[in-house]
Structures are given as structure tokens and as C-alpha cells.
1. State which residue pairs qualify: first residue in the same structural domain as residue 180 (by TED's automatic domain parsing) and inside the stretch 193-219, second residue assigned to a loop (DSSP other than H, G, I, E, B) and crowded, with 17+ Cβ neighbours inside 10 Å in any location, beta carbons under 6 Å apart, and separation of 6 or more residues or different chains.
2. Given the structure, is residue 160 without any contact (Cβ under 8 Å) to a residue 24 or more places away in the chain and outside the structural domain of residue 112 (by TED's automatic domain parsing)?
């Protein structure tokens, strides 16, 4: 006589599914052990890669700083060609262009961009200077404002007065101190005037008079305003 089948409870069914799933998963892992190793190892690889990248960036910044120190004397002496391309005959293999090319993503590389832009500007190569000024990513407010005003000066030299005015105004807002802002606002006003926007020029001149009354650029404001009918 056959024994009646034992009734399987929900709990047992659930446990059976868990056991089945466990063994199926274990079997899949055994068959794909190499793939699983890759998947689990990905976060570790990323951490190691990030560490090595940061280490390389630090070393790159140190190298750029050392190279920049050798080039700056040429810049200070007005020897812009040597500053840009280096002076191999004097032991300076790399100039600013090479430093920017190799270390442009470092802090020192960004400063090298500013120097490189200044060299191009001194040589009246305004398109190249403009490119470097705009690409310079500088955290220091004074340096960032200098890069923007440099870009503005390039636009002015290229007779793009609207663009120059906007950049000079942006440079002023980047570092609203009595050292840089009045000059940048004054240049912005001059370029707005050249672009035929005298009302905007007058507004900026009034801003200089109000916010920076002690600056050298505030002395002749009334004369300029009179010219604009203010």
C-alpha cells in the first residue's frame, strides 16, 4: 500500500527554492569564476588607477614647476621667443609651449598658459594669445582676472569691441578689488564706447566713480561722462 504523499508546507517550498537558488548560483560562479573575479575586482582597479593618476598628476605638477622656473627668466628679460620654445643652447630644453602641451592639466601648467599667452600677445599673435588666455583655468582670483583681461585685450586688438567689453567687464567681476577692477571697468567702458554703446559705457564709468573713487581711473570720469552727454 502506497503511503500518502506528504503535504509540502509553504515554508518548506520557500526553503527549497532558496536551496535551489543557492546551488544554481554557486554552480554559475564555479563555471564563471574568472568573469566574477573581473567584476569584483573593478572597484579595486578603479581605486588603484585613481591613486596612480593623482600620484602622476602630483609628479607632473612638480616637473612643470621646475621647468617653469627655468623659463621665467627669459620671459622677464623680454626674450619671448626663447620663453616660448626654450633655449637648448643654454640648457633649457623645453619652453612654455612644451610645458603647456605636457603638463597643461596641472596647476603649474595652467600658469604656464598665462605666461605663454602673454608671450604671444607681446609678439602681436593675438589669435594664439586669445586661445591660451581663454583656456587658462586659474583658481587665484587675481590670475583668473588677468587671463580674462588678457583675452579682452586680444579682442580689442582684433577690433572686436563688443567681445572685448564683455570680457573686460567679466574680468572686473572676477576680482572686484581696487587693484584690478577699476582698470578693467575703464577698459570695458572704452570698448563699449567704440562699439557704439555709450549708455553702457557711461554706466560703468559711474560705477567706477561710486565704488572706486580713490582709484586713478576715477579722476577723469566726469570729463568722459561729459563726452557721452551725461
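The values are calculated or read from the model by the stated rules, or taken from the named source; none is laboratory data. This structure is a prediction, so every number in the text was calculated from the model and none was measured. In this analysis, Cβ positions are derived from the backbone assuming ideal geometry, glycine residues included, and neighbour counts consider all displayed protein chains.
1. Matching pairs, first to second residue: 218/212.
2. Here the answer is yes, as residue 160 does meet what is asked.
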